[in-house]
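A.B. asks: First, the structure itself, so that you have it in front of you.
The values are calculated or read from the model by the stated rules, or taken from the named source; none is laboratory data. Keep in mind that what you see is a predicted model, and the values were worked out from it rather than measured. Every residue, glycine as well, gets a Cβ built from its backbone with ideal geometry; the counts of neighbours run over all protein chains shown. For the accessible areas, the whole protein counts, side chains as well, though only heavy atoms, and no ligand, DNA or RNA atoms are used. Shrake-Rupley method; radii C 1.70, N 1.55, O 1.52, S 1.80 Å.
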Amino acid sequence: MHDQMPTAMPLLSRGKHRNPSKGACFMELASFLAGERWSDHPACTHPLLAGLARLVNDHTSDAARPLLAPLIPSVIGLAGADPRIDARIALRCATSALPVVSHERQLALAVSVLSAEHVLATLDGRPQGSVSEESARTLAKVPDAARWAYRFRRGVRVSAKGFRRYAAPNTVQLAVRGLSEACVADPDALLRALLTHAIADCAELIRHQPPVDPELWEDACRLTRR
């Protein structure tokens, strides 16, 4: 509720906060701006996008965290049941982190890229095995991990429902943690860019594209792990 707020808006900080006097994370301030009950899981934002925002908030340094604040209003209203949202968020996370994370994480994230592309191809009615130009460019930067992922994917198929429930959240966590620990000059900037691009992806999908064909969703759900 708005009457919970102190005179001064709290600074962004890590973790969950019982009330604004204890501080606020990215999604708690989003809940306030949306007029919802104070929460880091507000209904105004898709759960996986909110999860990404919480992770970026918590893995960004104290010095750089205030730079996330301008993004808070843009997550409000980005909610929906389209299963492509989860796949797009996971794909954005995987492609953003893949070129700079450790080799062990690259293997898992390369698999995530191919799995997300598989789910999106099924839902969008594209040929199986096709990948976007951006994914192809990203995989080309890590040829060893890409070759391993293609071999691994030959024996494993993940259903759209399973990807949404398990693989997508795991991909988001792996990517954010990998970026925060990457040997790069400014990991905070990479985390901020990831969240910015994921928000844009969700906005495009939720506001400009028709919902997925129910028959395609049912077909995707019937694809099981082999």
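A.B. asks: Go through the range 167-183 and report how many residues are modelled with pLDDT of 95 or more and either among the acidic types (Asp, Glu) or more than 26 Å from Ser74 (Cα to Cα) (or both).
C.D. replies: From the range 167-183, those modelled with pLDDT of 95 or more are 167-182; that's our starting set.
Next, only the ones that are either among the acidic types (Asp, Glu) or more than 26 Å from Ser74 (Cα to Cα) (or both) stay: 181-182.
Qualifying residue count, the range 167-183: 2.
A.B. asks: If you take the residues in the range 141-171 that are in contact with a helix residue (DSSP H, G or I) (Cβ under 7 Å, 6 or more places away or on another chain), outside any helix (DSSP H, G or I) and not polar (S, T, N, Q), which one is nearest to His103 (Cα to Cα)?
C.D. replies: Val142
A.B. asks: Now, a different point. Restrict the check to the range 79-94 and report whether at least one residue is over 17 Å from the mean Cα position of the chain (by Cα), within 15 Å of Ala167 (Cα to Cα) and outside any loop (DSSP other than H, G, I, E, B).
C.D. replies: Keep residues of the range 79-94 that are over 17 Å from the mean Cα position of the chain (by Cα), which gives none.
No, the conditions are met nowhere in the range 79-94.
A.B. asks: Give the number of residues within the range 124-140 that are closer than 18 Å to Ala160 by Cα, free of Cβ contacts under 8 Å to residues at least 60 places away in the same chain and over 19 Å from the mean Cα position of the chain (by Cα).
C.D. replies: 5
A.B. asks: Give me the pairs, please: first residue somewhere in the range 50-76 and farther than 14 Å from Leu29 by Cα, second residue anywhere and of a type in the set (S, T, N, Q), beta-carbon distance under 6 Å, and either six or more positions apart or on two chains.
C.D. replies: His59/Ser180
A.B. asks: So which of Ser13, Ser102, Ser39, Ser31 ends up being closer than 23 Å to Ala189 by Cβ and either within 17 Å of the chain's Cα centre (by Cα) or open to solvent by less than 50 Å² (accessible area, probe 1.4 Å) (or both)? Outline the logic, then answer.
C.D. replies: Numbers: Ser102 fails: either within 17 Å of the chain's Cα centre (by Cα) or open to solvent by less than 50 Å² (accessible area, probe 1.4 Å) (or both); Ser39 fails: closer than 23 Å to Ala189 by Cβ; Ser31 fails: closer than 23 Å to Ala189 by Cβ.
Checking each option against the conditions leaves just Ser13.
A.B. asks: Quick check on Ala182: is it among the small types (Gly, Ala, Ser), surrounded by 13 or more Cβ atoms within 10 Å (Cβ to Cβ), touching a residue at least 40 places away in the same chain (Cβ under 8 Å) and in a loop (DSSP other than H, G, I, E, B)?
C.D. replies: Working: among the small types (Gly, Ala, Ser): yes; surrounded by 13 or more Cβ atoms within 10 Å (Cβ to Cβ): yes; touching a residue at least 40 places away in the same chain (Cβ under 8 Å): yes; in a loop (DSSP other than H, G, I, E, B): yes.
Judged against the criteria, Ala182 is a match.
A.B. asks: Open to solvent by 50 Å² or more (accessible area, probe 1.4 Å) and either under 30 Å from Thr60 (Cβ atoms) or acidic (Asp, Glu) (or both): is that true of Asp124 in this structure?
C.D. replies: Values: open to solvent by 50 Å² or more (accessible area, probe 1.4 Å): yes; either under 30 Å from Thr60 (Cβ atoms) or acidic (Asp, Glu) (or both): yes.
Taking the combined requirement at face value, the residue satisfies it.
A.B. asks: Here are some residues: Ala140, Ala136. Which one is more than 18 Å from Asp201 (Cβ to Cβ), at pLDDT 95 or above and either of a type outside the set (Ser, Thr, Tyr) or out of contact with any Asp or Glu (no Cβ under 9 Å at 6 or more places or on another chain) (or both)? Spell out the reasoning first.
C.D. replies: Working: Ala136 fails: more than 18 Å from Asp201 (Cβ to Cβ).
Going through Ala140, Ala136 in turn, just one is more than 18 Å from Asp201 (Cβ to Cβ), at pLDDT 95 or above and either of a type outside the set (Ser, Thr, Tyr) or out of contact with any Asp or Glu (no Cβ under 9 Å at 6 or more places or on another chain) (or both): Ala140.
A.B. asks: For the subset of the range 59-99 comprising residues that are touching a Cys at 6+ places or on another chain (Cβ under 8 Å) and crowded, with 17+ Cβ neighbours inside 10 Å, which member is nearest to Thr171 (Cα to Cα)? Don't jump to the end; show me each part of the working.
C.D. replies: First pass over the range 59-99, keeping only residues touching a Cys at 6+ places or on another chain (Cβ under 8 Å): 75-79, 85, 88-89.
Filter once more, so that each one left must be crowded, with 17+ Cβ neighbours inside 10 Å: 75, 78-79, 85, 88-89.
Values: Val75: 20, Leu78: 20, Ala79: 20, Ile85: 14, Arg88: 11, Ile89: 9 Å.
Per the criteria, the residue is Ile89.
A.B. asks: Still on this structure, please answer the following. Only one of Ala116, Ala140, Ala145, Ala69 is of a type in the set (Gly, Ala, Ser) and closer than 30 Å to Glu36 by Cα; which?
C.D. replies: On the way: Ala116 fails: closer than 30 Å to Glu36 by Cα; Ala140 fails: closer than 30 Å to Glu36 by Cα; Ala145 fails: closer than 30 Å to Glu36 by Cα.
Only one candidate qualifies: Ala69.
A.B. asks: Mind checking which pairs have a first residue in the range 153-166 that is closer than 10 Å to Ala116 by Cα and a second that is of a type outside the set (A, V, I, L, M, F, W, C) and not in a helix (DSSP H, G or I), Cβ under 9 Å, 6 or more apart or different chains?
C.D. replies: Val158/Thr224; Val158/Arg225; Ala160/Pro83; Phe163/Pro83; Arg164/Pro83
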